[in-house]
Each structure stands twice: as structure tokens, then as C-alpha cells.
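Each reported figure results from applying straightforward, stated rules to the coordinates on display, with no laboratory input. What you are looking at is a predicted structure, and each value in this text was computed from that prediction instead of being measured. Glycine also receives a Cβ, built like all others from the backbone with ideal geometry; neighbour counts cover every protein chain displayed.
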Amino acid sequence: MKNKKQSITQKRPATKAEEPKNKVGRRLPWGIITGVAFFVLAWVWASWWMGDVLRIAYERSFFAADATLMYWLAQKSFGWLWIAGRALLTLYHWPVVGGLLVALLLTAGTWLTSYCLRLRGGWRCLSYLPAGAWLWWTAHVGLNLFYKSEPGRILAAPALYAAIAGVLALALKLSRKKANAQAATAWHWAAAELIIAVGCFALSAWHLQDRHPYLRPLTRMQVQLLHEDYAGMSATAHEHADICNRFVSGYYALALARTGQLADRLFDIRLEFDSIPTMGYDGKHNHCINYHVIDCDYHAGLYRASRHYAMEEMTLDGPSLYTLKYLTKIALIDGDWKLARKYFGVLKRVPFEGDFISRFEPMVGHAELVAADPEFSAVIAMAPERHSFEQFYLKPGFLGYYANLQTFKNKDALIWSTMACLYAKRMPDFLQRCGKFIDESLPRSIAEGLTIAAVKEPGILKAFPQLEMQMNAYELFVKEAMPYMQDREQGAEVLFEKYKGYYPYYYFFGNLHNTRKPGDDEQEHNRAGVN
Amino acid sequence: MKRSSFFITTTLFIAVLAMSSCSGRPKSVPTAFTDVTDSAMIFPDYRDVTIPPNIAPMNIKVSDDGATEFVVEIGSLVAGATADGKTDIDSTAWRQLLEQNKGKDIAVHVYAHRPAGWVRFLPYTLHVAEEPIDGFLSYRLIEPGYELYRQLGLYQRNLSNFDEAVIYENNRSFSDKDNHCVNCHNFQNYSTDRMLFHVRAAHGGTVIIEGNEAHKIAIKHDSIIAAGVYPSWHPTQALVAFSTNSTGQVFHMFHKEKIEVLDMASDLLLYDVEKNSVRHILRSSDALETFPCWAPDGSRLYYCSARCNEARADSLILRTVAKYDSLLYDIYSIPFDAATRTFGEPRLEVDASASGHSTSVPRISPDGKYLLYTQGDYGQFHIWHHSADLWVKRLANSDSYPLTAANSAEAESFHSWSSNGRWIAFASRRLDAAYSRVFIAYFDRDGRAHKAFLLPQRDPDFNTMLLKSFNVPELTKDAVKISTEKLNHIVYDTEAELASYEE
């Protein structure tokens, strides 16, 4: 029966309207295949390649189902659009789901563009341009996707694009008197489309790696911190040992401190204190110096300093999940139950934050539960126990603060402080602390630091006889390093692989880009005394 | 318009959630119910408070586990509440209710619909005072941050309804070159005919407003510590007393308080609006004078002063190391002759330091009988101190006592009298110890403050959701006359006129 029908069809010459339909019947649906391929690529890109970046963008964003909470944003120009973008970004609570949304928006936008413009054959490649432009933009702005910029615009752009294209397509569909049969896509044009699509993603990925190589490792570490995966943070830093700035340094040190490896592994990566060039709200360059301070201060036990900066960040940038969660946790540590209740009330209006609330809200009013929580107990263990002011600590956060400690609450505080001195290459302060290690086994980096000092002060070898073994290694290093003392940049490159992790290498060749550039005092611009 | 767009977006996004709160509000009191011996859990706590007859509807949120509907019966007025327990009291019926009950008590019954049926909680009362409160309340809204600012403004609330007008707002969209802070709004004698506020950083100066006109001035001179800070308009003359302060702040790492705001140096100035000139009232190297406030007849100037053991501290760290908690401020007054514009000898009014305490923000009642101030353990920036409470001194017999019924365990400060002296509005951090809110208390003829109530809002959750603090609430009889646009022009487009200094 089927064969008979086909034979009848073959006898009658096809009309113009029927011709493409028949072609479709004979050919593979290349248009659909390229569409599916683009969708899959977009999903992989948005959930894996950019998954951590956009997950952190979600944390730095804020959307709540409450008019009072969102009024500050609603009153701005295009506020409703940014709110919609932030609402969509909440799906990045799960990057796979957020990625799915992005893939749907980009695919729908692309397909609808093609439909609206009636693109055929090779012209269909043009339909990928808007998506490609968006991909390029996300790679180009890097950290400024969400830092000192409106996070709502990330997804507002593709959503608006898809919505406008959808409305136009619907209008065209209704206005066209007769359905215009879609011409089937020839395989070679489909291949061209696929190449364009792959090219868009590849170009975006390349541009991101070229312009912001630190961005994915940095946000990866931040996501790992959210999951309290300190070993993972350390592994990420090692994996990208040659891409370092003050933020990667800070998060790496934090991970090591949490896993008890600070004194043994801090110098395993190329530690740099360099800042990241970013743009401020006003389009001017700044160097993003405080990006990690809230995290690092908190985990270093300086939760009051963390609170201070979280509050200032909320003042400048508006509320974010990131700052609100920290303010909530610090309120719990401080026993500010009423304040914690307020913040939980706010967070309850944020979609998908039930896990955070269910873990921490039962602690309100129960100091014993706060003390028993592993995260809080680790923070409290390192918190100052004597009265002091934040101004007495060095900025910026984490290790820098500890360099000024004179009294030590416990062994960990002593080690952190000693390592802070090594990190800052403050040898007199380092030696002052080393006195407390006499007759104790020396952690690796502290022993290596002492070898440098022992060359000038042989008395150190008497106090630490176990250093004798280290001196030969140090002499060998000095011999190899000597030619590069006049060109330390080159020495840092040449010697890194062999000597990474060895403190004398860091002392002479590490952290050469400890720069303080114009604009580093980004917050100073706004200071005018007391509010 | 933008706000309504937001609602649409939000509603679409959380359509499922919104569905749950779409049930109607009950319109009548349940006919069958069971009386329970518990008090209803309501927010704000308006239980047994004294209220002005012209105050906006005092909406509440009732909480009761398992209850699905609520009814609040306020005298003859019935206010239904949805499942979330929030009332939205009809403003016309509310006004009529208060008018009919001036000087009387109104009983409030709260009903909740539990699975087993309606229950009625123990009633409470609202006492409606005879005396109204001034119609308008001005305040600044800003995050309770410490040093930084971005979007903030001065606003004016109509106390008889929920209308809030912008007096002046800084940048909604950030611009580094235009970024500025505004603070210390102050009015002459409860009127908006003469007022001022400061602009700090970009476009800085003090904006002086007279009726519908304004101009910007700058107080700057080698012999003046800094610009004018805490202001007080003379009640009748075109004169303003300012403190001038060199202020800094330090952050505690391990302490019950979070922050200390300290003056390294401070003096008092007198600014003549008509002559655009300024001169010192008090200038001393061993005392810190601040928070000036005129008596209602303008014959005395009250202020706070602390003795410093050391000379002026050149740095914040020096002051901090030199025992921030040993700075104790007393209240003094100094006579003023308006005809000659001269000041006499200072007189000690409140000797708080003798008992190891410290005072700030003196404010004299309109009848001149009471001195209202904040007392804390030390220092002068009491809004950050848990110990800060409102105190009052009876000027006739020198009795000083705390306003116990109005105070809380958290900070109270920056208080303002109503023009009839029967109400005080003040900032308090009692809700959460961080975000200050405006509370209002009745001050009776015996000099006692009654239990304070939270400034009513259309949505009771507003006070818990808002992530900004209310600063420096000031009562006025009328609304600010000058337009926001005009103030924008003054701030952005005009240069500050430098005040001349008189030796």
C-alpha cells in the first residue's frame, strides 16, 4: 500500500509548494539536528564551562518575592528588567538547571530570528550572531558580569531577545495569510551552521581564557567554599598553580588553613598578590581589592571585620545572597538573635534557599547549637579573644591580618601568624614567632624560612639543630638561583617548576607583583567620615 | 509605574506562591468563637499604647500556628486579615474611629480561625490621646553601614496616612564624580519655612532653605575644625548653632558593641544666615563640645561637653588608645542675648559623668520645662550603644530620670519633641539591634513617657523587610515646601558660598 502511494506521487510532477515537503521526506532534518546540536552546546557551555561563574553571579545577586526588598532596584531605570533577569538567575542555584534555561533561551532566540527574518540556506548562519554576541560579551566582561555591575542583565539580555523574537514571530505567524513551507536545510549549509555555532562557543571560551584566565578557577574555588569542600579548593589552586592573584592566594590559604596544611603547602602555587583589573559602576577602572575580604576574614576568625565589609558591600551594591548569608551567620555567632531572625525573614523570601535556612535557623536562640556547628566552631576557635580594634590589623584580609598578632589564642593562631609573616616576607616578625617552636617539630615552610635567616644568624642553628639537614638544600638552591637575582621575573619562570613549594624560592622570586595601583582605594572615594 | 511593573514581574514569577494568599479577608466578626487565655502574637507590638488622634491606621500582623484566617476588631471597626495575618485597615473608618474616641480607650479583639474553629485572644487597648501629633515626620533612610554610602535620601512621611515624599535623594545610579551623602536635616521651630541639611563629598556644602528658596553655603576656615555638623536653628532668629567635629570611627573585634564613633576634637559655632558669617561660640582645647540645641525661647543654648585628660588627639588611634570609654559627656547650657548676639557663662545642667555615665542630644520641650536627652555608659554617638536610653530632666527642680516605659534594652537616641510637647519621636534599634526604626511615645503632663509604638506602615512587614535605617526623625507641623527638583539644582548646579569668619 505504501509503495503504491509513493509510486503515484512520483508520477505526478510536484507543485512548487509541495517540492520542499517532498525534499524533507527524502533528507535528514538537518535544520533540527543543528538546532539540537546548538542547544546541547549551549547547555554544556552554560552549565559546565560557565557554571561556576554564573553560580557565583547568582550568589552575588538577590531576588526576593517582596516589594519592599526589591524597591531599591525597581526604582532604577529598567529596574523591572533587571528584576526579571535576577529572577531567572535564581535557577543557577543549580547550574545544570540554569544552564538549561540559558540553552533554551539562546536556541529559541536563534530559531525565532531565523523564522522572523525568513533566513534560508547559508543565510541561516546569521541567526547565530545575536547569541554569539552575547557569548562574547559574557567572556569579555569577566568578573564584571556581576562584580560592581547589575547581575540581572546577564539573563535579562537573552530572555528579552527571545521574548521580542517570540512576539515578532507570533505576529508574523498571524499576519501571514498562508503558511510558508520551510525549505529543508541542505547538509552543507547545516554543516556551516554547526561550524558557526561551535565557533561561537569556542571563540567565547578562548576569549575568556585569554582575557580572564583566573575567572573559572576563582569562581570554582568560591563554589567549593560554598560546599565547604576545602580539599577541592586546594586541588583547584594546584591545578591552576601558575594563575594566581590575591584572591586565588587568599582562598588557597583559607583552604589549607581549614585542612591543617597551611605551614606545609602554602608556597606550592605561584602566589601573587596582584589585583584584578575590573570596572566600577561608573565605568572607571578599579582593582577589585576587597573581593575576597568577607570570605577570608570570616574564615580567619575575624568575623566582625567580615561583618563590617559585608555591611559596607550591601550599602554600595545593594543586598546580595552572599552578603546576607554572611550577615546571618555572623549574627548567629555574635548571639544577635533578633538580627538573625530578621535576616532569616528576608532569606525566606528568596527562592531556593531552604537548605541554608533549615541548617541555620534552628540555631537562633541556641548558643550551644552555634558552638557545635563545625563551620562556626572553626571560626570561633580562631576569633580574637581579647579586646582589640579592626584598625590594629593589617589590610587586606586573611593572612595579612594575622601578621600583626602578638598573642596567640592557640597553636593554629601561632602557625597562621607565622605563615602570614613568611607570606609578607617580614623576617624579623617571623623570627620573633619562631621562638615558640623551639623543641618542637618544625612545619616544612617554617623550617625553610629559618634556613634563610640561619645564614645570617648562625645562632639559629643552635636553637634549631634539625635545620642542619636543610642547609645543604638551601645552598644548592642559592647556587642555582644566583644568576637570576638581577632578573627575578625570569628566575621566577625558570625555577618555578623545580622549586615551587620551597619557601626560599618564594622569598626571592615569589610575589613580585605586589602592586598597589591607582584605584586600589576604590572605597576611599566614597568615604566622608561617619554616616 | 515602575513599582507596578515590578509587582507584575514578581507576581508572574511566583504565581504559585501568590495563589496561596489570594483568599479573601473576612469582613465580619465571627459569631461563634472560643475565648482563650493567651494574648495574640501581633507585630508591631501596639498592645496598650497611647496614640495620637491623627495617626495613620495601625496595621498589624497576627501570627498563630495553624490559623488560616484572622479578624481584628478595633472598637466598632472590623479589619479582616488574610492567611498571612496582615490587616489593611480602612483609613476613612480609622479616622472616624479615632475622632470619636479622643481621650478614650478602644478595645481591640483579635480572632483567629484555627482548625477547631474561631478563637478570641485576650483583648488589649489603644488609648487615643486628646492631643494630636505634628503632621509630618522627616528622616533619612540609609543602610546601617559605617563609612560608605550610595543611595540614600531625606524623606518626609505624612503621619496621618502612609504617604512618603522625597525631600532630597542622592544618586540612584552611581556616579563617582557625583556621589555624595546627605545628613543632619534640621528645622526652625517645627516649621519647614526654614530648614537645612548637609551634603558631604561631591557637591558638598550646607543647603539652607527658606520657604521655596535655597542656597548652598560652606563653612570653612583655618580656625574651624571642620564644616558645621550637628545643627540647631534658633527658634526665631536667622541663626544656626553648629557643632564642628573631627570625627572618626573604630570597629570592635571582640566586644558587645560593634563600633565606636569618636570625636578627636569639637567646638561650637554660630552661623548667621543673613550675613553668611560664622564665629565660634565655644572653642577649647581640653573639652569636646557638641550637639547644640536652643531653648524654645532662644535665650539659652544647651550642648554636651566632655573633658579630655589629654590635649586634642591628633589621630583616631591616639584617641582610641586613650580610652574611648573614658570620654563622658555632661550637658551644659549657656545664656544667649539675641539683641547683642552674645553668650554668657556656661552652666552645668546634667552631671552624668559624676555617676560614670555620658549624655548626648539634648532637646528642650516646647514649654521649656523638660530637657530630653540620651544617656549611655560612655561617649556621645549613642545610637550604636546598647546602653543608650532616653532620659529627661525636669528643669524646674533638676530631677533626672529615665523614660522607662519608652525605653528598651537596645539603643534609643536622636529624639524629637512634637510642637505641643505631648509626643516624642525617636530612633530605636529595639527590633533587631541593627536597623533603627522610628518609635513614637506619648509624654504626659506629669513628665512620664508612655509605652512607645512603632511608626505605622501600610504593610506591617515593611519594618522587618526594609534593609535601611531611619535616622534623625524630626517632627514638623507642615510639609516641606521646596521641590526636590529645585534642591537637586541647588546641590548639583550651584557652588557653595563660603561663609565669612568673624573673630
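Here are a few things to note about the model shown:
- Shielding score for A:277-283, defined as the mean number of other chain Cβ atoms within 10 Å: 3
- Charge dipole of segment B:136-498 about the Cα centre (unit charges at C-beta), most positive-ward option of B:Pro366, B:Cys308, B:Leu348: B:Pro366
- On Cα atoms only, tilt of B:484-493 relative to the major axis of chain B in degrees: 30
- Mean-position separation - Cα centroids, segment B:49-112 and segment B:156-233, in angstrom: 37
- Against chain B, whose longest principal axis comes from its Cα atoms, helix B:2-13 is set at around 50 degrees.
- Exercise: per-residue mean of other protein chain Cβ atoms within 10 Å, A:63-74: 6
- Ordered by the count of other Cβ atoms within 10 Å of each Cβ, fewest first, A:Phe360, B:Phe254 give B:Phe254, A:Phe360.
- Inter-site label distance for B:Ser299 and A:Gln432 at 7 Å from Cα along Cβ, in nm: 6.2
- Normalising the Debye intensity of the protein assembly as shown to I(0), with uniform scatterers on Cα atoms only, and taking log10 at q = 0.06, 0.09, 0.10 Å⁻¹ returns -0.57, -1.13, -1.29.
- Farthest toward positive dipole pole in chain B [+1 Lys/Arg, -1 Asp/Glu at C-beta], among B:Ala81, B:Ser232, B:Asn471: B:Ala81
- Ranked for footprinting exposure by Cβ neighbours inside 10 Å, fewest first, B:Val273, A:Val97 give A:Val97, B:Val273.
- Each principal axis of the Cα atoms in segment A:303-383 has its own extent, and those three values, largest first, are 32, 26, 20 angstrom.
- Fewest neighbouring Cβ atoms within 10 Å first, the residues A:Tyr281, B:Tyr302 line up as A:Tyr281, B:Tyr302.
- For chain B, adding -39500 (n - 2.57) for each run of n ≥ 4 DSSP H residues and dividing by the number of residues yields -2500 deg cm²/dmol at 222 nm.
- Principal-axis tilt of helix A:129-141 within chain A, Cα atoms, nearest 10 degrees: 10
- Here each label is just a point 7 Å from Cα along the line to Cβ, and for A:Leu174 and A:Arg211 those points are 3.9 nm apart.
- Taking every alpha-carbon pair under 8 Å whose residues sit at least 6 apart, chain A reaches a relative contact order of 14 percent.
- Unit charges on C-beta of K, R, D, E only; dipole of chain B, Debye: 680
- When you restrict to C-alpha pairs under 8 Å that are six or more residues apart and normalise by the size of segment A:303-383, the relative contact order lands at 25 percent.
- Among the listed pairs A:Lys76/A:Lys148; A:Lys342/B:Lys86; B:Lys86/B:Lys468; B:Lys86/B:Lys451; B:Lys102/B:Lys468, those whose Cα-Cα separation exceeds 26 Å are B:Lys102/B:Lys468.
- Averaged over residues, the count of other Cβ atoms within 10 Å places the peptides A:368-379, B:334-345, B:282-293, B:416-427 in the sequence B:416-427, B:282-293, A:368-379, B:334-345, highest first.
- Considering only B:Leu431, B:Cys293, A:His292, the residue lying farthest towards the positive end of the dipole of the protein assembly as shown is A:His292, judged by Cα position with unit charges set on Cβ.
- Cα gyration tensor, segment B:371-410 - rounded (a/c under 1.5), prolate or oblate: oblate
- For B:Ile42, the shell of other residues with beta-carbons less than 11 Å away shows a net charge of +1, using +1 for Lys and Arg and -1 for Asp and Glu.
- Under the convention that each Lys and Arg Cβ holds +1 and each Asp and Glu Cβ holds -1, the size of the dipole of segment A:303-383 around its Cα centre is about 240 debye.
- Cα-centred dipole magnitude for the protein assembly as shown, charges only on beta-carbon of K, R (+1) and D, E (-1), debye, nearest 20: 5360
- Cβ-based net charge around B:Arg120, under 14 Å, with every Lys or Arg adding one and every Asp or Glu removing one: -4
- Between segment A:317-344 and segment B:343-369, the Cα center-to-center distance that results, in Å: 38
- Rounded if a/c under 1.5, otherwise prolate or oblate - segment B:430-495, Cα gyration tensor axes: oblate
- Overall form of segment B:136-498 per C-alpha gyration tensor (a/c, 1.5; a/b vs b/c): rounded
- Across peptide A:377-387, the mean count of Cβ atoms from other chains lying within 10 Å of each residue's own Cβ comes to 1.
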